[in-house]
Amino acid sequence: MQQFWTDWGDLIWTGTVQTLTMTSIALLISTLIGLPLGTLLVLTRPNGRLANRFVYGGLSSVINVIRSIPFIILLFFILPFTRFIMGTTIGVQGVLLPLIVFTAPYIARLMESALLEVDRGVIEAYEAMGISTRKIIWYVLIREARSSIVLGLTIATIGLIGATAMAGLVGAGGLGDIAYQYGHLRFEPEVMYVTIFVLILLVQSIQSFGNRLAAKLKKA
């Protein structure tokens, strides 16, 4: 075992850091896009505060179309667009855009579901007091749904880690790339097993942290 970590320890550590870097950057940008989109879906849906069936229908359809495409297919499908925007289609820089395009609509749906859990009576009470839509969004919808939002983002983060593993096919690095290049192509099963163990450890840690944070916010 000591010899294994001497040979492969640095590589696996680098892959873990790359995976966490891709996940963190893509999650941050996807949340900045997905949360407003989810809020817009709630506001423009039928009987919403800003009900508009054309905006809701169009946005909902676009989100559904993107979500219906598996990441590995989306990754190659938008290669020309990725090259145009990012200047490259390989490495971490080349995979960030596909990760964001894949994750943002997913987060939008998760945010929509979380916001819809807010008691309609609470919203109507604030509306009756003449509170503006902007303040209702920030101080009522998002505040009341923060526990569900955290759980949704936890789910999205775990899904994103899975997507970064597939991103190794375009040389993005990370644990998926190590498992494929060394564990599969070079017939090093020990490397494959360790990368799987590290991925399981990451997912378990993120899920546990998300559950605890959501429970704490629910009690607050």
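The values are calculated or read from the model by the stated rules, or taken from the named source; none is laboratory data. Computed from a prediction, not measured in an experiment: that's the story for all the values here. Here the Cβ is made from the backbone with ideal geometry for all residues, glycine too, and neighbour counts use every protein chain on show. Ligands, DNA and RNA are excluded from the accessible area calculation, which covers all protein heavy atoms including side chains. Shrake-Rupley method; radii C 1.70, N 1.55, O 1.52, S 1.80 Å.
In whole angstrom, how far apart do the alpha carbon centroids of segment 129-192 and segment 59-111 sit? Measuring centre to centre over Cα atoms gives 13 Å. For segment 127-142, backbone phi angles converted through the Karplus equation (6.51, -1.76, 1.60; θ = phi - 60°) give residue-by-residue couplings of 5, 5, 7, x, 5, 5, 4, 4, 5, 5, 4, 7, 9, 10, 4, 5 Hz, Gly and Pro being listed as x. Here the extension length gained between Thr14 and Leu116 equals 32.7 nm, from 0.36 nm per residue of separation less the Cα-Cα distance. Apply the Debye scattering formula to segment 71-111, with a single equal point scatterer on each alpha-carbon and no solvent, then give log10 I(q)/I(0) at q = 0.21, 0.30, 0.33 Å⁻¹. At q = 0.21, 0.30, 0.33 Å⁻¹ the computed log10 ratios are -0.60, -0.97, -1.09.
What is the percent carbon and sulfur in the accessible area of the chain, measuring with a 1.4 Å probe over the protein chains and ignoring ligands?
Taking all protein chains in place, the chain shows 65 percent carbon and sulfur surface.
Considering only the Cα atoms of segment 26-106, their convex hull presents on average a projected area of 5.5 nm². Helix 91-116 axis versus longest C-alpha principal axis of the chain: approximately 30°, rounded to the nearest ten. With a Förster radius of 41 Å applied to the C-beta separation of Asn211 and Arg83, the computed FRET efficiency comes to 0.55. Every Cα-Cα pair in segment 104-164 was counted, and those over 18 Å apart are 40% of them. When the alpha carbon gyration tensor of the chain is reduced to an equivalent ellipsoid, the three semi-axes, largest first, read 38, 21, 11 Å. Treating r as the C-beta distance of Ser68 and Ala128 and R0 as 45 Å, the FRET efficiency rounds to 0.65. Under 14 Å of direct C-alpha separation, and excluding same-chain neighbours fewer than eight residues apart, Lys216 reaches these aspartates and glutamates: Glu144.
Any chance you could tell me what percent of the C-alpha pair distances in segment 128-220 go past 19 Å?
57
What net charge is computed for the residues neighbouring Ile90, neighbours being all others with C-beta under 14 Å from the C-beta of Ile90, Lys and Arg scored +1, Asp and Glu -1? So the surrounding residues net to 0.
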